[in-house]
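Read through the structure below, which is laid out as structure tokens, and then see the notes.
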Amino acid sequence: MKKSNLAFLLPVLLASACSDDDNSSTTLDPVVPPSPVSEYSTIDITPKATFDGTVTAYLGRFEDKYRDWRLSPDAIDVNNDGHVDEEDALELGILNDLGTPIVIDAKKMDALLQTNPDGLGAGTARPDIFVDGHYSAFDVLRYLALTRSDIKLENIVPYEETGLDTYQFAVSWDQNGDGIFDSQDANSFNSSDWHFKFKFDGGEKRRVTASLDGIAPDGESNYMRMDQFWVQPGMNLRFQPFIKEFMARKNWVMLQETERLKVNGGKVIIPEVISSTDYGATYETILEDLEVTAHNLRPDIFKPGVITKIDIFLSATDAGHKFVINYWPTISTKSPVGHFALFSVDGKDSVVGEGWITDFGEKDAETDFAPFAKCDFGADGTTDGLPKVTHEACWSEWNYYFGGNMVHLMTDVWVMNQPSEVARIAYKSHYTIWEMEDFNGNKIQERDFSQDEDGSDIAVLRTLSLPDEATSTLPILKESHFGWGIADCESCHNDTAPKGHGGYSWPVNSVDGFNEIQPHYCASCHGNNGAPAGHQETARCYWCHSEDQLPKNHGDAYAKKLITGVENLEGNLHSYPKAGSAITRDKNGNFAPYTEILSATNSDWNMSKAFPDPYSCMTCHPNGPK
């Protein structure tokens, strides 16, 4: 089963869709054709993804020492905390190592491939899919073969001739480093069994890099066409030999998609779209034989006419349903997302810790990547083939908790020129998994501010109501106001200039326990001073308005604050005490607690008293009609 993280890891956690993301700019911005995003999205933005920065590659299979230990009789609770996990492995000296990273300069790669050095094309080897200057995982492998003496590509068959719409090739890798390509390099000599794994840049988030209960440290396995997988700067790619059973299964899946396209006369038709609104307990078919057409949502990356998985939702909207998408910029974990995600289906919106997940693929392969995988299919890749895949082979390639099934590939860049058999959407919750706080509507919350420097106590937090301009007897701010559109009232209206209000200091929300001016409190009497309407989110605005989308004139709401000490970094979204995937790990999957975080005042650890999120945000930026 192949999954996409439209709403599984990030989108369900939080507020999304903020504003235009410009996290990967170049000296010359590319000319990007118009996108129809405004017809389908909560906010009208124009992404401009560029290929710059770096891409990190690894060669060869990852030796997962932690997983081998954890699944052996030797795995014990060394520190007697009730859990057998990476912290115990660390105390025993059992450590994983991803190997030697190959850091690729995107600009150098682009410059070389533009010269068509291997005869596969000037630039990408798939100019029918990617616009000039964007590349696939196969292009990265080409670059490695062109610039390194220890790896080469051989026996290349063009994608037009394979019958699967993808290149086929053999890899020789001097695995033992003796300077000779020969059979001493095991299955790395003239091998057609090479494929790739991928892992996106997760920023500072460390809770899901895990062998057995998260994303495997070496990345996510997949059945994708390597030459159609878009490479995003900052990501990690691992090129490695897989066992023949895996390659046979991958090719079988691709063949089903290719044959389905032929049967439908070249039209991309999804036989079934099914949906669950009860957290995956039951599903119902909402569309059958949906013809998916290209909407060209990402003209900054793909050529016109290229179909991606997100086109399923846009085509479903064209067919009478209402699928709404939103956009994620660089988020507060400093992960540069830069993608559209599914937000709402037929009126049911994602909210903070709940939202839509999506699955795509062949029904017979939907449990291929799973914890304690059974691999009930033939070694030849077919459903009924004999002999069946052995237990040892199954666990070597398919046993994943999650992160082996494409959960983090966003659908706006998941190419689908050949249709999957089924698209599955489900509304699910992460409140329990991530111990998230529920922010819904006007629900009153209490927060202890006693740890703040001024030593304040408990305060009641609530969304306030804006005045009705037609009936209010109070002065409502208009565009003629000298500070129109500036959120931080206190920057001008403060104790040194208390005009009005009987000549006293400006009023504070002391009833709810605050002792300083809050602009949304002012807005409850005088209007929101031209603040733009919200975009259907309800909380955790700082998740998106954090790095490249910082709002101006919002006081200390987004000012950075250094938080140190493990004791101060527990009990939050990033790290809380022992609970499976909650354990913090480094990129290798080894236990590594946080020691410090540079966080905004509104964050998973803090809350601004002047601009408490989401109460201040949702007062001044109420959601209007969709």
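Computed from the Kirkwood radius of its Cα pairs, the Stokes-Einstein diffusion coefficient for segment 317-357 at 10 °C and 1.306 mPa s stands at 140 µm²/s. A simple charge model with +1 on the Cβ of Lys and Arg, -1 on the Cβ of Asp and Glu and nothing else charged puts the dipole of segment 235-379 at about 740 debye relative to its Cα centre.
What the Cβ-Cβ distance of ALA122 and HIS83 gives, at R0 = 51 Å and to the nearest 0.05, is a FRET efficiency of 0.40. With each label modelled as a point 7 angstrom along the Cα→C-beta vector, the SER38-LYS262 pair spans 4.4 nm.
For segment 110-202, pairs of C-alpha atoms spaced more than 23 angstrom apart make up 29 percent of the total. Of the residues TRP414, SER396, PRO329, the one whose Cα sits farthest towards the positive end of the charge dipole of segment 303-424 is PRO329 (charges of +1 on Lys and Arg Cβ, -1 on Asp and Glu Cβ, taken about the Cα centre). Remark: segment 320-429 carries a charge dipole of roughly 480 debye about the Cα centre, counting +1 on each Lys and Arg Cβ and -1 on each Asp and Glu Cβ.
At full extension, GLU288 and LEU255 could sit 9.7 nm farther apart than now, given 0.36 nm per residue minus the alpha carbon distance. Subtracting the Cα-Cα distance of ARG148 and SER491 from 0.36 nm times their residue separation leaves 117.7 nm of extension gain. With the cut-off at 29 Å, report for segment 200-345 the share of all Cα pairs above it, as a whole percent. Summing the P(r) of segment 200-345 above 29 Å gives 31 percent of all pairs. With the cut-off at 26 Å, tell me which of the pairs LYS65/LYS244; LYS65/LYS587; LYS244/LYS428; LYS303/LYS334; LYS108/LYS303; LYS199/LYS244 have Cα atoms farther apart than that. Exceeds cut-off: LYS244/LYS428; LYS303/LYS334.
Sequentially through segment 266-278, phi angles give Karplus couplings (6.51, -1.76, 1.60; θ = phi - 60°) of x, 8, 8, 10, 8, x, 8, 10, 10, 9, 10, 10, 10 Hz, Gly and Pro residues having no value and appearing as x. Each helix, a run of at least 4 DSSP H residues, gives -39500 (n - 2.57); summed and divided by the residues of the chain, these come to -4000 deg cm²/dmol at 222 nm.
Panel order for ASP118, ASP85, ASP213, by other beta carbons found within 10 Å of each beta carbon, from fewest to most: ASP118, ASP213, ASP85. Full extension of the chain between ARG447 and GLU392 yields a length gain of 14.6 nm, computed as 0.36 nm times the residue separation minus the alpha carbon distance. Of the trypsin sites (Lys or Arg not before Pro) found in segment 239-303, the ones in coil according to DSSP and having at most 13 other Cβ atoms within 10 Å of their Cβ are LYS267. The average projected area of segment 123-177, computed from the convex hull of its Cα atoms over all directions, is 4.2 nm².
Note that segment 349-365 has calculated 3J(HN,Hα) couplings of 8, 6, 9, 6, x, 10, x, 8, 10, 9, 10, 9, x, 8, 4, 6, 10 Hz, one per residue in order, obtained from phi through the Karplus relation 6.51 cos²θ - 1.76 cosθ + 1.60 (θ = phi - 60°); glycine and proline are x.
Once the C-beta distance of THR564 and ASN515 is scaled by a Förster radius of 22 Å, the resulting FRET efficiency is 0.25 to the nearest 0.05.
Projected onto planes of every orientation and averaged, the convex hull of the alpha-carbon atoms in segment 523-568 covers 5.2 nm². Projecting the Cα atoms of PRO47, ILE583, THR383 onto the dipole axis of the chain, where Lys and Arg carry +1 and Asp and Glu carry -1 at the beta carbon, places PRO47 farthest toward the positive end. Close amide H contacts of VAL337 (hydrogens built in the peptide plane, cut-off under 5 Å, sequence separation of 5 or more or a different chain): THR330, ILE331. Applying 1/(1 + (r/R0)^6) with r as the Cβ-Cβ distance of ILE76 and ASN155 and R0 = 30 angstrom yields a FRET efficiency of 0.05. Put simply, segment 267-391 fits an ellipsoid with semi-axes of 29, 19, 18 Å; these come from the alpha carbon gyration tensor as the roots of five times its eigenvalues, largest first. Electrostatic tally near GLN518: other residues with Cβ closer than 14 Å to its Cβ, Lys and Arg +1, Asp and Glu -1, net -3. Taken over the chain, the percentage of Cα pairs per 20 Å bin, counting from 0 up to the bin with the maximum distance, is 18, 50, 27, 6, 0. Counting every pair of alpha carbons in segment 346-435, the share spaced more than 18 Å apart comes to 58 percent. Working note: Debye formula, equal point scatterers on the alpha-carbon atoms of segment 148-201, no solvent; log10 I(q)/I(0) at q = 0.22, 0.26, 0.27, 0.29 Å⁻¹ is -0.84, -0.96, -0.99, -1.05. Using only side-chain charges placed at the Cβ, +1 for Lys and Arg and -1 for Asp and Glu, the dipole size of the chain relative to its Cα centre rounds to 860 debye. What the Kirkwood sum gives for segment 124-266 is a hydrodynamic radius of 16.7 Å, with every pair of different alpha carbons counted.
No lab work stands behind these numbers, since they all come straight from the coordinates. Keep in mind it's a predicted model, so treat the numbers as computed, not measured. Every residue, glycine among them, receives a Cβ derived from its backbone with ideal geometry; neighbour counts consider all protein chains shown.
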